[in-house]
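Have a look at the structure below before the remarks.
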Amino acid sequence: MKKSCMYPLIALTLVASATLLAACGGGGSKPTTAPTRAATAAPTRAATPAPVTPKPAATKAATGRIAFVSTRDGNGEIYVMNADGSGKLNLTNNPAGDSFPAWSPDGSRIAFDSDRDGNLEIYVMNADGTGQTRLTNNPAYDQQPAWSPDGSRIAFSSDRDGNEEVYVMNANGSGQVTLINNPAGAASPAWSPVP
């Protein structure tokens, strides 16, 4: 083929290429890509893991003391022991029944209920059993003490209004007020810990 015939052929090829590029979105100064569809995988079924038997965690030696009620001496008494079960000690040692021990948040005192005055009342004592002091003095049953997280108040159950309700008082026994007044009654208060 002659050289002069080749130029129009090259020019025609370039024009055709440019037209094809323009038709496909190309030919601009910015490269473009054709939109693509995201590939979606067929749903797969997750394998069900085999049940795992928990391994015993490495545990630290238990610390602290545990308060509990026992009738080993003939009536309900408040005892304490070390967290490993050693060092059991009767704190109340009273001919009346003592129950529901509740540690103060700082661990220095224990609130409990006792019928040592003829009916259930709320008492508090030091963690070693000394300083046993009655906080309530009501002909009704006052029982089930629970310390506030900051140790400033004690919630308890009482039937002083005719049916059992939840009351709260200052840790020294003052300021006793009912929190619930419902004919169905309420009992067993428990404070939430501070978050």
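The values are calculated or read from the model by the stated rules, or taken from the named source; none is laboratory data. None of these values were measured; they are calculated from a predicted model. Glycine also receives a Cβ, built like all others from the backbone with ideal geometry; neighbour counts cover every protein chain displayed. All accessible areas refer to the heavy atoms of the entire protein, side chains included, with ligands and DNA or RNA removed. Shrake-Rupley method; radii C 1.70, N 1.55, O 1.52, S 1.80 Å.
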Requested in this report: Being exposed (fewer than 15 other Cβ atoms within 10 Å of the Cβ) and under 14 Å from D115 (Cα atoms) is the filter here, so list the residues in segment 130-184 that pass it.
Outcome: T133, R134, N137, P139
Requested in this report: Could you tell me which numbered condition N119 fails, if it satisfies all but one of (1) open to solvent by less than 30 Å² (accessible area, probe 1.4 Å); (2) of a type outside the set (G, A, S); (3) part of a strand (DSSP E or B)?
Outcome: (3)
Report summary line: Of the listed residues (N119, N182, N163, N126), the one being under 20 Å from V80 (Cβ atoms) and free of Cβ contacts under 8 Å to residues at least 40 places away in the same chain is N126
Report task. Scan segment 98-116 for residues that are open to solvent by 40 Å² or more (accessible area, probe 1.4 Å) and part of a loop (DSSP other than H, G, I, E, B) and jot them down. Result -> P105, D106, S108, D115, R116
Requested in this report: Being part of a loop (DSSP other than H, G, I, E, B), surrounded by fewer than 20 Cβ atoms within 10 Å (Cβ to Cβ) and of a type outside the set (D, E, K, R) is the filter here, so list the residues in segment 77-97 that pass it.
Outcome: A83, G85, S86, G87, N93, N94, P95, A96, G97
Requested in this report: Look through segment 66-76, keep the residues that are of a type outside the set (D, E, K, R) and part of a loop (DSSP other than H, G, I, E, B), and return whichever of them is least open to solvent (accessible area, probe 1.4 Å).
Outcome: G76
